[in-house]
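Below: one structure, written as structure tokens.
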Amino acid sequence: MLKDFITTLTSQIFSLMLIGFVSSSACFAEVKEKFIRETIASATVAATPDEQREIILTLKLKPTPEAVTWFEKWKSGEIFLHDDGAGVITPVVLTGTADGDDSFATAKLSDGTPCLSADGKVVRINPKTVDFAETDSGLRRAMKEVSDLVALADPDLTNRLRAIKESAIGQKIEKLPVLQLLRTKEKNAAAIRALDETIAIIQLRSTDPAERVAACRKLGEIQSLSAYDTVKTILAESKAKGDKPMVDAAGEALKSIDSHISRINAAGTAFRGLSLGSVLLVVAIGLAITFGLMGVINMAHGEFIAVGAYTTYVIQNFFANGLKLSPFGVSMSLPGLHLTHGADSYFIVALPASFLIAALVGVALERSVIQFLYKRPLESLLATWGISLVMQQILKFIFGSNNVQVSSPAWLSGSWTINDVQFVWNRVFVIGFAVVIIVITWLVLNKTSLGLLIRAVMQNRNMAACMGVRTERVNTMTFGFGCGLAGLAGAFLSQMANVGPSMGQLYIVDSFMTVVVGGVGNIMGTVISALGIGMSDQTFQQYLGNPVIGKILVLGAIILFLQWRPAGLFVTRSRSLD
Amino acid sequence: MNKQPITSRVHLPILIATAIILLVVVPVLHRCGIISDFTLGNWGKYLCYGILAISIDLLWGYTGLLCLGQALFFTLGGYMMGMYLMRSIGGKAMPTFLSMRGFTEWPSFFLPFSSFPFAMLMMVVVPGLLALGFGFLAFRSRIKGVYFSILTQALTYGAALLFFRNEMLMGGNNGFTDFRTLLGFDLRDIGTKRSLYIATALLLIGVVALCKWLTGSRFGLIQRAIRDSENRVLFSGYATANYKLFVFVISAVIASFAGALFVPQVGIINPSEMDTSKSLEAVVWVALGGRGTIIGPVLGAISVNALKSWASSGATADFWPMILGGSFVLVVLFMPKGIVGLPAQIQGVLARLKKKKEEEEIPAISEKSPATDP
């Protein structure tokens with residue numbers, strides 16, 4: 001009986017498949033669904049587990065998502081076996097809602113029509129008393145095989161790609177026919193490439209030597225990264241066996257993949273160097289103003305970064321569920337707006353807010369301490385270091401000494417992969433962010449009246465004062481602007497680094513280095529030196545495989561560089577000596 | 001920058017009296033049981049810090065070079081002593097940081113450290129050479145002022161990164177600890193501790209004497225001239241770079257010896273000692289005590305550290321960084337000459353007040369006299 005059933009099924013399937021390839025209109029979809037329901041219905045009532053499994057496996061020839069939905073229902077016990085008392089068992093599903101005795105109306109699994117008893121009434125069953133169709137491990141394995149195939153044909157590209165890549169695991173020859181069939185149907189270029197790759201990887205285990213060699217060549221040609229280890233194994237095996245053509249093919253394939261890897265690494269290094277350079281630029285640009293233009297050694301620069309980061313943290317919580325703080329033992333509670341899209345939109349508010357808060361703190365600091373120290377740069381270094389200690393401690397008192405959690409908006413997470421090179425979104429964003437900050441700074445300094453005053457005061461304070469410029473006010477504004485930029489950097493760093501009271505300490509040495517190498521008093525120099533330091537750091541790291549040694553080499557290179565250009569890349573020319 | 005040389009206002013008799021107290025009275029009182037072991041140990045540490053502070057003052061107060069890498073030389077000296085102490089632990093077993101990396105025998109560079117004279121030589125050579133090399137590069141290209149500070153800070157930062165690595169075979173994160181004997185004496189023995197204290201006091205007095213002599217000589221004059229106007233000195237035909245280099249090397253070696261004496265007294269040396277904040281903290285002592293004087297830095301180091309021991313335990317522990325940072329800001333703003341300069345400053349303020357009062361009184365007597373310039 002089973003044999004007959006399978007033969008009819010198979011013929012039906014092939015005709016269906018042919019139709020399916022030609023078109024997939026609604027009419028055929030119906031036919032398809034009916035066929036699946038019938039198949040599963042027959043499987044549930046098959047006599048032995050083996051028969052059940054064989055029927056399920058016939059679905060492999062026409063994998064559809066509907067089959068997977070039915071499998072899930074079956075596994076979770078939603079298919080019931082209705083016995084009409086005369087020995088005929090019908091698989092049914094429940095429909096509608098429960099009545100007084102917890103019974104449900106039923107529908108036949110095979111076609112979805114109501115299940116009628118001999119007297120023409122709809123059969124009602126109580127799910128607690130009627131048996132449901134059970135599954136054993138063998139059956140579940142068979143279902144898994146079908147589901148895998150369904151995933152291979154998943155309309156969603158990412159799922160499909162993942163399924164294709166996964167099917168290469170284990171190099172099972174029996175998967176080949178399906179994959180090759182899919183290959184003929186596939187239209188998406190990425191999926192075609194993945195299929196080619198997977199087919200070739202599996203063919204490496206083919207019994208036909210010519211096919212093996214061809215597969216190897218193919219893998220070299222498409223420079224498959226995922227095949228690298230497999231090809232290596234094959235090379236070792238073929239060497240042991242003395243299979244000359246295979247050794248050659250595998251060797252060539254490895255060479256080709258190797259060159260691809262080194263290209264990817266170079267591109268990745270360049271990208272990481274660029275983004276690290278941008279991070280350096282973002283953290284150093286504020287210092288380029290306060291130190292470079294004004295000559296104030298602001299050791300508390302890092303703490304202004306922390307102020308910006310904590311502002312972002314507070315804004316984030318303000319948009320979500322509020323925040324409880326207990327600064328100096330006083331418990332405070334900030335109400336939240338409970339916005340549903342708060343997680344995505346808070347950052348747009350946090351950016352200007354962190355600039356403003358950090359700028360305000362900077363203005364307060366300038367008025368209270370820095371203004372007395374313009375003529376004593378070394379002492380401004382010491383005083384601002386003292387301030388940095390105090391600020392760290394205040395942050396600790398308000399927010400606690402542990403790191404706080406700042407979540408990234410959805411549009412900042414994720415990545416692009418272009419030709420196997422990964423571009424992480426927030427790294428791409430930091431590059432753009434750095435460009436925007438530079439443009440803003442340049443505009444402020446060169447196109448606004450404040451910028452004109454800043455430049456005038458920095459070039460010659462006395463002369464500017466004689467011309468009626470209120471130099472004290474310009475100093476305050478400039479310092480505030482520099483600190484605001486540091487706050488902006490903090491808002492950004494909160495997205496990619498830990499936010500804690502001492503976070504600023506990590507950046508202080510790097511920021512000073514960047515400004516010193518760039519040449520004091522020159523924004524362009526800072527840009528070039530940040531990118532240069534970022535690039536060389538990542539390059540050293542890539543080729544030495546050791547971040548610390550790379551960093552030390554960069555520091556050494558900077559010291560040697562300053563031998564060559566003691567005043568940095570761009571020197572502000574002046575006739576004054578001291 | 002202050003154009004007048006800041007001369008020490010502490011006179012010789014007071015200095016000698018202090019030396020006798022530190023060198024004789026304190027150990028005797030300890031012997032009699034009046035001063036506890038704990039206090040003696042603390043004072044040993046303070047005196048080490050005092051030596052470190054003098055080395056900074058020699059550079060900053062007298063030559064105008066603010067070095068933020070003094071903790072590096074201090075730690076290097078400590079590591080040299082640490083290597084000797086590690087070698088003198090004895091026994092067949094390798095320390096964990098070596099056995100963990102598969103060493104069954106000491107790496108070759110450790111071997112000569114079993115001799116104390118060699119270790120002492122290294123305390124001079126290693127920091128001295130580093131200072132010589134770095135100073136040569138820095139002063140040759142006339143890196144000065146803030147740039148020098150930032151570069152020395154970067155140097156220290158780089159060295160700390162290096163010492164934190166286990167591959168360096170210098171104990172990595174944990175550094176050297178569990179020392180047993182020094183020159184055959186048990187380090188846990190109270191007599192050894194007292195001797196170490198006396199050695200520290202002796203070194204301090206020696207360094208004070210050396211610096212007094214050096215700064216009082218012709219050399220010290222040029223040193224201060226460089227501080228006040230390097231270009232004028234340069235144009236007068238002096239090779240300022242060589243003078244600066246010499247001071248830099250001397251102060252590195254002094255700091256190194258301070259570190260070497262520090263290690264057996266605290267019983268541990270690790271890379272956190274060369275953290276950038278440690279150098280800055282030492283600079284605070286100098287500023288607080290009074291830079292440009294010999295005794296000021298020692299006073300600053302002892303008072304800040306005594307205050308720290310007192311404040312960083314118990315309820316005030318959380319506030320310690322604020323006290324330190326806040327007092328620093330206040331000192332920079334209001335006490336540019338530090339504790340040592342305070343009496344003169346108060347005198348000055350009093351004199352001004354008096355003068356003002358007199359001036360106010362004078363017009364009352366004769367309305368016609370013109371107001372004098374304040």
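Every read-out reported here was derived from the displayed coordinates using simple, explicitly stated rules and does not represent laboratory data. Only a predicted model underlies this, so the values are computations on that prediction, with no experimental measurement involved. Every residue, glycine among them, receives a Cβ derived from its backbone with ideal geometry; neighbour counts consider all protein chains shown.
Some values worked out for this structure:
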read-out	value
Chymotrypsin sites (Phe, Trp or Tyr not before Pro) restricted to DSSP loop in segment B:306-343 with at most 13 other C-beta within 10 Å	none
Isotropic mean projected area of the C-alpha convex hull, the protein assembly as shown (nm²)	61.5
Segment A:78-132: relative contact order in percent, alpha carbon pairs under 8 Å with at least 6 residues between	33
Residues with amide H under 5 Å from that of A:T95, placed H, sequence gap 5 or more	A:A105, A:T106, A:A107
Rounded to 10°, Cα long-axis angle of helix B:145-164 versus longest principal axis of chain B	20
Under 5 Å, built H, 5+ apart or other chain: amide partners of B:M335	none
Cβ-based charge dipole, the protein assembly as shown, positive-most Cα from A:P335, A:P91, B:Q223	B:Q223
In order through segment B:184-196: 3J(HN,Hα) via Karplus (6.51 cos²θ - 1.76 cosθ + 1.60), integer Hz, x for Gly, Pro	x, 9, 6, 5, 7, 5, 5, x, 4, 4, 5, 4, 4
Distant-in-sequence amide H partners of B:L182 (H built 1.01 Å from N, under 5 Å)	B:L187
Formal net charge of residues neighbouring A:D148 (Cβ-Cβ distance under 10 Å; K, R +1; D, E -1)	+1
Chain B - charge dipole about Cα centre, Lys and Arg +1 at Cβ, Asp and Glu -1, debye rounded to 20	620
On Cα atoms only, tilt of B:295-311 relative to the major axis of chain B in degrees	70
Signed unit charges on C-beta, dipole axis of the protein assembly as shown, positive-most listed residue B:V24, A:A353, B:F164	B:V24
With Cα atoms, 0 to 90° folded angle of helix B:276-289 axis to chain B main axis	40
Normalised contact order of chain B, rounded percent, pairs of Cα under 8 Å and 6 or more residues apart	31
Cβ charges +1 (Lys, Arg) and -1 (Asp, Glu), total dipole of segment A:123-187, debye	180
Electrostatic dipole magnitude of the protein assembly as shown [Cβ: Lys, Arg +1; Asp, Glu -1; Cα centre; debye, to 20]	4340
Charge context of B:L65, other residues only, Cβ under 14 angstrom, K/R +1, D/E -1	+3
Footprinting exposure proxy for B:I20, A:I418, B:I54 (fewest neighbouring C-beta atoms within 10 Å first)	A:I418, B:I20, B:I54
Whole-number D in µm²/s for segment A:78-132 (Stokes-Einstein; Kirkwood sum over Cα pairs; 25 °C, 0.890 mPa s)	221
Residue-wise HN-Hα coupling along segment A:183-198, computed from phi with Karplus coefficients 6.51, -1.76, 1.60 (Hz; x: Gly, Pro)	4, 5, 8, 5, 10, 6, 4, 5, 5, 4, 4, 4, 5, 4, 4, 4
Charge dipole of segment A:154-242 about the Cα centre (unit charges at C-beta), most positive-ward option of A:T233, A:I201, A:I222	A:T233
J(HN,Hα) series, segment A:445-452, from Karplus relation 6.51 cos²θ - 1.76 cosθ + 1.60, nearest Hz, glycine and proline x	6, 10, 10, 10, 5, 4, x, 4
Relative contact order [Cα under 8 Å, 6+ residues apart], chain A, whole percent	14
Cβ-based exposure ranking for B:M100, B:M335, in which fewest neighbours within 10 Å come first	B:M100, B:M335
Per-residue Cβ neighbour rank within 10 angstrom, fewest leading, B:C211, A:C216	B:C211, A:C216
